[in-house]
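Heads up, the thing below is written out as structure tokens.
The values are calculated or read from the model by the stated rules, or taken from the named source; none is laboratory data. Since the model is a prediction, treat every value here as computed from it, not as a measurement. Heads up, the Cβs are rebuilt from the backbone with ideal geometry, glycines too, and the neighbour counts pull from every protein chain shown.
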Amino acid sequence: MDTLLRHLYIDQASEENTLAILLIDKEQSPLSITDGFDVVILLINNVQDITWEVKHYKVGERRVSFHFLSQAMMHQTLIVGNHRRLVDWLVNGKIVFDRNEYLKGVKERIESFPPGDRSKKMTIQFTKMLRRFEEGKTLFENGHSFDAFSNMMHALHHLARLSVIQHGFYPEVTVWEQVKHIEPSTYKLYQELLKSEESLEKRIELLILATELAIHSKTLNGSQHFLSLVDSENQYLISDLMSIQETEDYRVDLELLVRHLVEKDFVSCFKAPTKAEGIMKTYYQFQKN
């Protein structure tokens with residue numbers, strides 16, 4: 001069987017663009033997310049475009065998913081954090097080809113988690129937490145308890161990932177096991193919500209209160225990447241802020257983040273007249289620490 005699998009990737013290893021190849025075997029790594037496949041083959045290449053292509057095979061009785069991932073896509077995915085399985089594959093996959101120890105360097109980067117990467121991932125998770133919290137709170141206030149609870153639980157999951165990142169680790173598939181050791185208070189809250197015999201409404205109220213406190217305590221660290229991109233001497237239109245390239249990965253929630261920072265006095269608002277009488281433009285100025 002190993003020989004048959006090898007036939008799938010051996011020719012790719014000789015390609016100039018191929019940087020590394022890993023195998024993830026579900027039998028050997030039962031916690032790995034393989035989307036129902038018995039084996040995942042991950043090939044990383046240096047194609048310039050941001051690409052992630054997949055091919056499916058049947059090798060004997062085993063289902064195989066072959067992923068072709070550009071290094072640009074890999075780096076973007078690691079920062080955004082929308083495919084946690086990728087971290088698991090990179091850390092736990094069996095290396096079958098590694099040109100010039102490329103993958104060794106990737107693993108070292110994951111383990112060291114450079115401050116620049118960490119800061120951006122924290123802001124991404126913080127803005128996602130804000131979004132889920134605001135939507136959950138609004139739904140609850142309007143009597144939609146089930147949807148409110150779902151959103152608030154998502155907010156709690158983003159808080160968990162933010163906490164893990166803040167302590168210098170990549171969030172793994174088993175993120176709550178990480179939180180259990182890193183931030184016991186957040187883990188305890190999660191346990192209480194799952195095991196509580198209180199009514200759904202009471203649990204949502206507890207979630208809202210706890211999440212508000214967490215947002216307050218993590219605002220500075222959670223916003224640091226964004227705040228590092230602006231100048232306290234300048235005033236910005238929201239369109240100016242949205243056009244900053246480095247905010248691309250959390251731009252969808254940037255308005256919400258700015259509004260939150262205004263409420264927390266990290267940002268001041270200024271009005272300027274337009275050509276239309278009675279209509280004013282809003283400018284934002286940031287308070288540097």
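For the reader, a short list of remarks on this structure follows.
- Pairs, first on the phi > 0 side of the Ramachandran plot in the range 64-84, second buried (at least 20 other Cβ atoms within 10 Å of the Cβ) and not in a helix (DSSP H, G or I), C-beta under 9 Å, six or more apart: Gly81/Tyr170; Gly81/Pro171
- In the range 234-251, residue nearest to Arg132 (Cα to Cα) [restricted to those that are out of contact with any Ser or Thr (no Cβ under 8 Å at 6 or more places or on another chain) and either exposed (fewer than 14 other Cβ atoms within 10 Å of the Cβ) or in contact (Cβ under 8 Å) with a residue 60 or more places away in the chain (or both)]: Asp249
- Condition met for Ser243 (within 16 Å of His158 (Cβ to Cβ), small (Gly, Ala, Ser) and at pLDDT 95 or above): no
- Single residue of the range 98-126 satisfying the filter (in contact with a His (Cβ under 6 Å, 6 or more places away or on another chain) and among the polar types (S, T, N, Q)) that is surrounded by the fewest Cβ atoms within 10 Å (Cβ to Cβ): Ser119
- When residues in the range 76-126 are screened for being out of contact with any Gly (no Cβ under 8 Å at 6 or more places or on another chain), polar (S, T, N, Q) and farther than 26 Å from Pro30 by Cβ, 4 of them pass.
- Subset tally (residues that are surrounded by 16 or more Cβ atoms within 10 Å (Cβ to Cβ) and either part of a helix (DSSP H, G or I) or not basic (Lys, Arg) (or both)) for the range 60-71: 8
- Of all residues making up the range 72-91, the number that are touching a strand residue (DSSP E or B) at 6+ places or on another chain (Cβ under 7 Å) and surrounded by fewer than 17 Cβ atoms within 10 Å (Cβ to Cβ): 0
- Selection from the range 183-228 of residues that are exposed (fewer than 14 other Cβ atoms within 10 Å of the Cβ) and in a loop (DSSP other than H, G, I, E, B): Ser196, Glu197, Glu198, Ser199, Ser228
- Of the residues making up the range 58-88, those that are under 18 Å from the mean Cα position of the chain (by Cα), modelled with pLDDT of 90 or more and not hydrophobic (A, V, I, L, M, F, W, C) number 1.
- When the range 265-279 is filtered for residues that are assigned to a strand (DSSP E or B) and among the basic types (Lys, Arg), only Lys271 remains.
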